[in-house]
Amino acid sequence: MSIAESTSTDLVELAVHALRAQLGGSWSVTPLKPASGEERKGGSAFDGHVTIAPPDNGPYTELLITARQSITPREIETQLGAIRNILAHSHASPSMLVVSPWISARAQQELRDRGIGYIDLTGNIFLSITYPAIHLHLQGASRAPRANPGTATGNKRVTLAGEKAGRIVRFLADFAPPYKATDIANATQVDLGWVSRLLGALDDQRLIERTNRTITDVDWADLLHARATSTKLLTAHNYVGMIAPAGVQSVLHKLAALEHPGHGQPQTIVTGPYAARAVAPIATGGQLMLYVDNSPDSLADHLGLLPVDHGAEVLLLRARDAVIFQRHRKVDGIPHVALSQLVIDSLSGPGRMPAEAEAVLAHMRATEEAWRQPWIASYASARRR
C-alpha cells in the first residue's frame, strides 16, 4: 500500500501499530469498536478510539484518533484546537492523536503547542500523556514524500519548489507588507492565478496573514526554512568544482575587479560559506561558492581556476533564475546574494552550511529594519525611476 492509497481506516491501523511498536509488548493498545448503530465517539471528528494501559494493569487512558490525508497549521488552529478545548473540559478528558501520511514541521509544532499527539507514515511521532506516563517524540522525514507533494488548493497542488516559488518567497521575505497578490505577480512576473494558489497554501501553513485580499504579515524566517526544505542547493543548480592554484584570496581580488554591465546587475555573485561568514562569522574554511549567469568556462579562465573532480575549493553554480542576482549586496566591492537568498542556499546546502544559515537568520532578526524594505516605499521608488 502506497502513501497515496492510505484510507482513514488504514491510517488508524498504522497508528495503532506504531504505538504498539514504540510502547513495547508489555503495554496494551486496544482499539474500541462502537456498538452496532452507535455514532462514533466525537461525531465526524474522529476515525478511531483506543485505550492504552500500562504493564501493571493500572488505570488506562483513552485516545481519540483523527485521520487526515493532509493537515495544515490553519486547520489545527481553527478545527482541532477547538475540539481539543472541548475535550479538555469533558469528564473523561481523553487525549487526541492526529495521523496523516506526512505532517510538516510547522504543523507538528502547532499540534504540540495544543497538547495534541501525532503520527505520520515517515516516522514523525509525538504523544505526551501524564498518566499513565507516556512521552514519545521521534523525528521522521522533514520533507513531504514524493507521493504526497504540495498542499492542495482547489483541484491543483502548489509547492515551494521551483523558480516561480523561489521568486515569490524572495519577494515575501525581502519586502514588508502590506501588498496584494497582484503586486507580487507584477513584481515577480509570475501568473496571478499561480501566485494566488501559492498564497492560499502559505495561508494554510500560517506563513502569511491576510485581511481580505491584503497580506498584512509574513513569517519570513519560517518561510525561508520552508523553501529550503523544498530544494537542495547542489541539485537545484548545475555546478562545476574548481581549484585555485594562486589561492582563493586571489580569486576574491579578481572578483572585486570584475565589471558588471547594465544597471549594476552582476554576472557573478557570492553565496555559501564565504558570504555567510561576512555576515555572521561562526566558522572558518568552506568552499567559495559563486553563482554565474552564463557559461562558467570563461569566468574560470578569468579567475585562474582549474576544473577538478575531487577536493574543489571553488564551486561555480549556474543560476537557474535571475532572482538569484536581485537585490544583491556589495561586500568589499564583491557582489553577494541578498540575505534571504543566502539563508535559502545555506539551509539547503551540505555540511555545516545549515548552522551558518541559522547564524545569518539571527543577524537578520536583529537588523530587520535595515535589510527589509517596506513594499510601498520600494514601489514608489521604482515608479520614480
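The values are calculated or read from the model by the stated rules, or taken from the named source; none is laboratory data. Remember, it's a predicted structure, so these values are computed and weren't measured experimentally. Quick reminder, even Gly has a Cβ in these numbers, built from the backbone with ideal geometry, and neighbours come from all protein chains shown. Protein only, heavy atoms only, side chains kept; ligands, DNA and RNA dropped before computing areas. Shrake-Rupley method; radii C 1.70, N 1.55, O 1.52, S 1.80 Å.
Do we find a residue being assigned to a loop (DSSP other than H, G, I, E, B), surrounded by fewer than 18 Cβ atoms within 10 Å (Cβ to Cβ) and not small (Gly, Ala, Ser) anywhere in the range 241-251? For the range 241-251, residues assigned to a loop (DSSP other than H, G, I, E, B), surrounded by fewer than 18 Cβ atoms within 10 Å (Cβ to Cβ) and not small (Gly, Ala, Ser): present.
Among the residues of the range 108-131, those identified as within 18 Å of Asn85 (Cβ to Cβ) and crowded, with 22+ Cβ neighbours inside 10 Å are Glu110, Leu111, Ile116, Gly117, Tyr118.
Beta carbons closer than 7 Å, at least 6 apart along the sequence or on distinct chains, pair a first residue in the range 80-94 that is surrounded by 16 or more Cβ atoms within 10 Å (Cβ to Cβ) with a second that is modelled with pLDDT under 75 for Ile83/Ala45; Leu87/Ser93; Pro94/Leu87. Quick check on the range 164-186: of everything there that is without any contact (Cβ under 8 Å) to a residue 60 or more places away in the chain and out of contact with any Leu (no Cβ under 7 Å at 6 or more places or on another chain), which residue is surrounded by the fewest Cβ atoms within 10 Å (Cβ to Cβ)? Restricting to residues being without any contact (Cβ under 8 Å) to a residue 60 or more places away in the chain and out of contact with any Leu (no Cβ under 7 Å at 6 or more places or on another chain), the top hit is Asn186. Taking the criterion of being in a loop (DSSP other than H, G, I, E, B), touching a helix residue (DSSP H, G or I) at 6+ places or on another chain (Cβ under 8 Å) and in contact (Cβ under 8 Å) with a residue 60 or more places away in the chain, the residues of the range 187-237 that qualify are Gln205, Arg206, Leu207, Ser230, Thr231. Have a look at Leu23, Leu14 and point out the one that is modelled with pLDDT of 90 or more, farther than 19 Å from Ile129 by Cβ and open to solvent by 20 Å² or more (accessible area, probe 1.4 Å). Criteria check complete, one pass: Leu14. On the basis of being assigned to a loop (DSSP other than H, G, I, E, B), under 15 Å from Leu255 (Cα atoms) and either modelled with pLDDT under 90 or open to solvent by 40 Å² or more (accessible area, probe 1.4 Å) (or both), does Pro266 make the cut? Against the criterion (assigned to a loop (DSSP other than H, G, I, E, B), under 15 Å from Leu255 (Cα atoms) and either modelled with pLDDT under 90 or open to solvent by 40 Å² or more (accessible area, probe 1.4 Å) (or both)), Pro266 qualifies. When Gly286 is tested against (1) in contact with a His (Cβ under 9 Å, 6 or more places away or on another chain); (2) open to solvent by 10 Å² or more (accessible area, probe 1.4 Å), just one condition goes unmet, and that condition is (1).
Across the range 95-107, which residue is surrounded by the most Cβ atoms within 10 Å (Cβ to Cβ) among those that are out of contact with any Phe, Trp or Tyr (no Cβ under 6 Å at 6 or more places or on another chain) and under 14 Å from Asp204 (Cα atoms)?
So the residue we want is Ala107.
Taking the condition over 18 Å from Val218 (Cα atoms) and either open to solvent by less than 20 Å² (accessible area, probe 1.4 Å) or of a type outside the set (Val, Ile, Thr) (or both), does Ile334 pass? Spelling it out, Ile334 is indeed over 18 Å from Val218 (Cα atoms) and either open to solvent by less than 20 Å² (accessible area, probe 1.4 Å) or of a type outside the set (Val, Ile, Thr) (or both).
Per-residue answers, yes or no, for (1) at pLDDT below 90; (2) under 22 Å from Phe46 (Cβ atoms); (3) in contact with a Ser or Thr (Cβ under 6 Å, 6 or more places away or on another chain):
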{"site": "Asp113", "(1), (2), (3)": "no, yes, no"}
{"site": "Ile119", "(1), (2), (3)": "no, yes, no"}
{"site": "Asn124", "(1), (2), (3)": "no, yes, no"}
{"site": "Ile129", "(1), (2), (3)": "no, yes, yes"}
{"site": "His135", "(1), (2), (3)": "no, no, yes"}
{"site": "Leu138", "(1), (2), (3)": "no, no, no"}
{"site": "Ser142", "(1), (2), (3)": "yes, no, yes"}
{"site": "Pro145", "(1), (2), (3)": "yes, no, no"}
{"site": "Gly150", "(1), (2), (3)": "yes, no, yes"}
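Quick grid of which residues meet (1) modelled with pLDDT under 90; (2) under 15 Å from Met353 (Cα atoms); (3) small (Gly, Ala, Ser):
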position: Thr214; (1), (2), (3): no, no, no
position: Ala228; (1), (2), (3): no, yes, yes
position: Ala236; (1), (2), (3): yes, no, yes
position: Gly272; (1), (2), (3): no, yes, yes
position: Ala283; (1), (2), (3): yes, yes, yes
position: Met289; (1), (2), (3): no, yes, no
position: Asp297; (1), (2), (3): yes, no, no
